[in-house]
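In what follows, a single structure is set out as structure tokens and then discussed.
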Amino acid sequence: MLSSNEYEEEFPVLKRKINGHRLVYLDNAATSLRPKQVMEAVTEYSLNHHANVHRSTHTLASEATEMFESSRQKIAKFINAQEEEVIFTKGTTESLNLLAYSLAISKIVKPNEEILITTMEHHSNFVPWQQIGKIFNIKIKYFPLRKGIFELDEYLKYINLKTKIISITGISNVTGQVIPINMIVEKARKIRKDIIIIVDGAQYVPHISVNVKSLDIDFLAFSGHKMLGPTGIGILYGKKEYLERMSPFLYGGEMIDKVSMEDTTFTILPYKFEAGTPNVEGSIGLAKAVDFLQQIGMNNIAQHDNELTQYALEKMKKLDFLEIYGPKNNLQSSIISFNVKGIHPHDVAHLLNEIAGVAIRSGHHCAQPMMTELGVRSTCRVSFYIYNQNEDIDILIEGLKKVWEWLK
Ligand code: PMP
């Protein structure tokens, strides 16, 4: 890990004063901050190499194509995938929509089969399945959590011979609970060998090293902006054998083989799923973000996240005016959701920003079914990343005490 000073150099926004206080950024589950290195790579491309990719043959076009494809290569290596299995999208949301729609129209999941999701999912891993279920008459099974806690043994009881797809988050974006994906894969494949396992990696990939091959998952979706990269760029990883069988989600330039009045044939992977001009600078920024994370080391990042989460939990549990949601133990990483008793979360978030310069999120976190299970309409959420330190937690705790004193 870098020192606080080194992080301040790399992330200039950390030097900003918010209402006279040093910025304490604890909203990383919404989006992470951006290091200079990432933005410099984006600027360098934009100012000196920009052209469309895979089209023209001039120097700039060749350079842009080279940079775009080497970004893909780096990201593929990061998750141990083959390059043709890595599709650039706008983000996790687009990746999961692409999957749901394409698996349904390709009849890889059929009307008498089931898709299993959970009630902790972000809307982007919930609504696409719910909607294709309605359109294509596929049964969607919802695994309910208990008081916002995922229990593996209970979950496994929901998998049966009719379950064709499991789509589940790797880390809850509400409680930070880390889901034992490896155990789910192992058990699920024993029940049904050809089960399709999809992991929403939006919160997982930035915090835990993922190797898609050893994990043996079929699809993984994630977003650049939650892992130090730009917005508007994301990834869908898919096993080649499925991607080849799947119909494209978007039609247009670059994804075709031959077009005639009668019909169209589609090109090879991964371009079949990348219609239109892609987000080239986004891909370059994401590859640079991957470099940055790898320099720090994904295992160091996971350890840092865990230590910070445990430190914060320990301190927050001592504040008896807080209600904390989720497992509240070492199965939870990088996120803590809570409420200050009797006070609206928006008021808490607003005051923390005003009196302490602490940036947190309040709301339903795009997970309304999870809010229903917790019996609340919204929560406060703090979320950590590499540049956060124990001192940030101390400032949060002092801020919360003040909020309680003022509003109780
Ligand atoms: N799933 C999870 C678990 C998330 O945390 C998020 C982002 N908050 C998403 C999906 C959606 O990601 P995006 O908005 O980048 O598409």
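Key figures for this structure:
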quantity	calculated
Calculated from backbone phi, Karplus (6.51, -1.76, 1.60) coupling profile of region 257-267 in Hz, x at Gly/Pro	9, 9, 10, 9, 4, 7, 6, 9, 10, 9, 7
Value at 222 nm in deg cm²/dmol, rounded to 500, when DSSP H runs of n ≥ 4 in the chain each add -39,500 (n - 2.57)	-12500 deg cm²/dmol
Binned Cα-Cα distances of region 39-295, short to long, each 5 Å bin given as a whole percent	1, 6, 13, 17, 19, 16, 12, 8, 4, 3, 1, 0
Packing-based order for 160-171, 53-64, using average beta carbon neighbours within 10 Å, highest first	160-171, 53-64
Euclidean distance of C-alpha centroids, region 194-235 and region 329-408, integer Å	25
Burial ranking of peptide ranges 214-224, 6-16 (average Cβ count within 10 Å, highest at the top)	214-224, 6-16
Those lysines that a straight Cα-Cα span of less than 18 Å connects to LYS402, excepting residues fewer than 8 apart in one chain	LYS315, LYS317, LYS318, LYS341
DSSP-defined antiparallel bridges as percent of all bridges, the chain, nearest 5	60
Cα-based helix-to-principal-axis angle, 92-105 vs the chain, degrees rounded to 10	40
When each of LYS147/LYS401; LYS36/LYS401; LYS187/LYS288; LYS77/LYS193 is checked by Cα-Cα distance, pairs over 31 Å	LYS36/LYS401; LYS187/LYS288
Gap separating the Cα centres of region 71-106 and region 123-161, nearest whole Å	22
Ranked ILE233, ILE197, criterion: other C-beta atoms within 10 Å, fewest first	ILE197, ILE233
³J(HN,Hα) computed for each position of region 399-408 - Karplus, 6.51 cos²θ - 1.76 cosθ + 1.60, integer Hz, glycine/proline x	x, 5, 4, 5, 4, 5, 4, 6, 9, 5
Cα long-axis angle, helix 127-136 against the chain (0 to 90 degrees, to the nearest 10)	40
Residue order, fewest to most surrounding Cβ atoms within 10 angstrom, among CYS366, CYS380	CYS366, CYS380
Rounded to whole Hz, the Karplus (6.51, -1.76, 1.60) HN-Hα couplings of region 70-82, x for glycine and proline	6, 5, 4, 4, 5, 5, 4, 5, 4, 10, 6, 10, 7
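Every number here is computed from the coordinates shown, using simple stated rules; none is lab data. Predicted model, so just to flag it, every value in this text is computed and none were measured. In this analysis, Cβ positions are derived from the backbone assuming ideal geometry, glycine residues included, and neighbour counts consider all displayed protein chains.
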